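Notes follow the structure.
Quick note: the coordinates plus some simple rules give every number you see, no bench work behind them. A quick note: this is a predicted structure, and the numbers were derived from the prediction, not measured. Because the Cβ atoms are built from the backbone with ideal geometry, glycine has one as well, and the counts that use them run over all protein chains shown.
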Amino acid sequence: MTTHALDAHVPKEKKRSWVLRNRFLLLRRSSQLLILALFLAGPWAGLWIVKGTLTSSMTLDILPLTDPFLLLQTMVTGHWPELTGLIGVAIVVGFYAVFGGRLYCSWVCPMNVVTDSANWLHRKLDLKKGWQPKKHTRYWVLAMTLLVAAGSGSLAYELVNPVTLLHRGLVFGMGFAWAAVLMVFLFDTFVSRHGWCGHLCPMGAVYGLLNTKSLLRVSANNRDACDDCMDCFEVCPEIHVISPALRGKGDDTPLIVNRDCTSCGRCIDVCDLDVFSFTHRFDTQLIQPTSIEPGPRDPVTTKAMGGHK
Amino acid sequence: MSDLKKTGLSSAKRRQFLGDAARTACGCAVAATFLTVYQAQAKAFPADAIRPPGALSEEEFLSACVRCGLCVRDCPYDTLKLAELGETGPATGTPYFTARDVPCEMCEDIPCVAACPTGALDHSLTDIDDADMGVAVLIDQENCLNFLGLRCEVCYRVCPLIDEAITLEMTPNTRTGSHAVFSPTVYADVCTGCGKCEQSCVLPEAAIKVLPRRIARAESAEHYRLGWEEKAKAGNALVPGVIDLPDRVPDAGGFEPVFQPGKGRP
């Protein structure tokens, strides 16, 4: 059963302002725009702060950054990169491994805007979730891209990688890259809910692997206040990560520890009862129930959601 | 009973797991096949596209280049560009230039190579004169103004390695009978393929073009030895004594050679 059907659209008093209900969305859009602007300031205004693309860049002629997935593809073909490439990857891997692997997906990647828009349309049209690949599919795709690179001796996946195609298109010239982006948009809207970022993208899979021990976490530390309105499930791009934290009982950690969580903060945005908040991975504190009456737990809803996993 | 139930359950689970895995693997195999075919086709490299200086061989280049565009950004003359998807150019996202539009200006510090984070542009290239982006070929002698006996010579004048990579060879003008033809002649060992000659050719379509070495050059057979070179190396003729093959003149039958010394050409 889909969460969709469960969304009862219970009329609710919207006490919080629009800005508060979209604060992390606005912050993420600002972050994505700012990063894109840094890349575009050079070619558009002659302000050379960042050169290159998200694939590999040079900031202020001193800070090299290189995408680990790209360098991995290069290395499986048997080519050993230059030192700047290796240093760039070390910095990127270090940053994301410490702070939050999939921050890249929701705070940096330009494709996120496309798939978020697709999902928005998908919700507006009230469509069925469609094809839902199994949860390990992205790792299969990752392995496939690396195998093809090793077998063909070329970065074959980069001919179709919508993420790098889009970013390179924006910074260097689009060509027909918009077609690849449109395909992902249509795929996410009509074929598979959260299909690309949530199930298939091998680049996101690599950042997910960096996400296993990173510090930044969303915590359902106020889960006792949850009234099962399902708003968070409605918006979460990685829907399976919420349940263990939100539906946990007693000593179960309120932290969303699943490496698929992109730390987008959308659940924090939409929750009227402030169930979620950003914290670090060692903060397992629960907020004690206050004056707010905990909502009644509808056993039907809980069971239908897969309940306490 | 409960044991039976358990094993039944686990075997069903195992079957589902294997089914899922097989399905995903097949899906990936299909995608991999398409991707392999596509990348093979994308390797087609048009002859008028030239890789930046220091680029590894095309095969190695496609495994090393991450398509980041840093070389493009550090090119001070906006020579380099990245191939866009759908263009009939090199593999998507890889850097190249078109000599006829903007040639390589052969910067002494080679900033494009220095910018490359993966070594797809080989960092061991330190002297731009050693660059090997291609070879200029005077491809159409019938339209080249110099070959027609005029004194255009622009390609020769603009060459950064003038008199080394390109010279003017003087031969008699057989059309007028009293002038000279100064034919532009490229020395492939020295030519870097920068494309300045192709860009500056005054004809609507250039008579001299930079081509990839694989197209521009023949290869001498490995067992060929040039007698005069071997002689110079050894310091003397390899076979002692004068070699004079017997003149084979046909026997009787009224044979008269066309060329007769002393009489000039017929």
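Worth pointing out:
- Within chain A: Cβ-based charge dipole about Cα centre, in debye rounded to nearest 20 (Lys, Arg +1; Asp, Glu -1): 260
- Screening chain A for whole DSSP H helices with an alpha carbon extent of at least 27 angstrom along the helix axis and a mean Kyte-Doolittle hydropathy of at least -1.0 yields A:23-45.
- Taking every residue in B:32-40 and counting other chain Cβ atoms within 10 Å of its Cβ, the average works out to 6.
- Separation of the alpha carbons by more than 26 angstrom is noted, of A:15/A:249; A:135/A:213; A:51/B:209; B:43/B:81; A:134/B:43; B:196/B:233, for A:15/A:249; A:51/B:209; A:134/B:43; B:196/B:233.
- The GNM of chain B, with springs linking C-alpha atoms under 10 angstrom apart, assigns the highest mean-square fluctuation among B:122, B:101, B:244 to B:244.
- Partner shielding of B:55-66 amounts to 6, given as the average count of beta-carbon atoms from other chains within 10 Å of each residue beta-carbon.
- C-alpha center-to-center spacing [the stretch A:192-241, the stretch B:206-231] in angstrom: 62
- Gyration tensor verdict on the stretch B:53-122 (Cα atoms; rounded if a/c is under 1.5, prolate if a/b is larger than b/c, oblate otherwise): oblate
- Cβ charges +1 (Lys, Arg) and -1 (Asp, Glu), total dipole of the stretch A:97-152, debye: 260
- Karplus 3J(HN,Hα) series, Hz, for the stretch B:123-137 with 6.51 cos²θ - 1.76 cosθ + 1.60 (x for Gly, Pro): 5, 7, 7, 10, 10, 4, 5, 8, 4, 9, 8, x, 10, 6, 10
- With the helix formula -39500 (n - 2.57) applied to DSSP H stretches of n ≥ 4, chain A reaches a computed 222 nm mean residue ellipticity of -13000 deg cm²/dmol.
- Rounded to 10°, Cα long-axis angle of helix B:2-42 versus longest principal axis of chain B: 20
- Check: the protein assembly as shown dipole with +1 on Lys, Arg Cβ and -1 on Asp, Glu Cβ, in debye: 3100
- Reported to the nearest whole Å, the Cα centre-to-centre distance from the stretch A:91-154 to the stretch A:259-280 is 19.
- Amide H contacts under 5 Å for residue B:166, placed H, 5+ residues apart: B:187
- Across chain B: Cys residues that no other cysteine approaches within a C-beta distance under 4.7 Å: B:26, B:28, B:65, B:68, B:75, B:107, B:116, B:144, B:152, B:159, B:191, B:201
- Scanning residues 5 or more positions from residue A:217 or on other chains, those with amide H under 5 Å from its amide H are A:279, A:280, A:281, with H placed 1.01 Å from N in the peptide plane.
- Fully extended contour minus Cα-Cα distance, from residue A:287 to residue A:47, at 0.36 nm per residue: 81.7 nm
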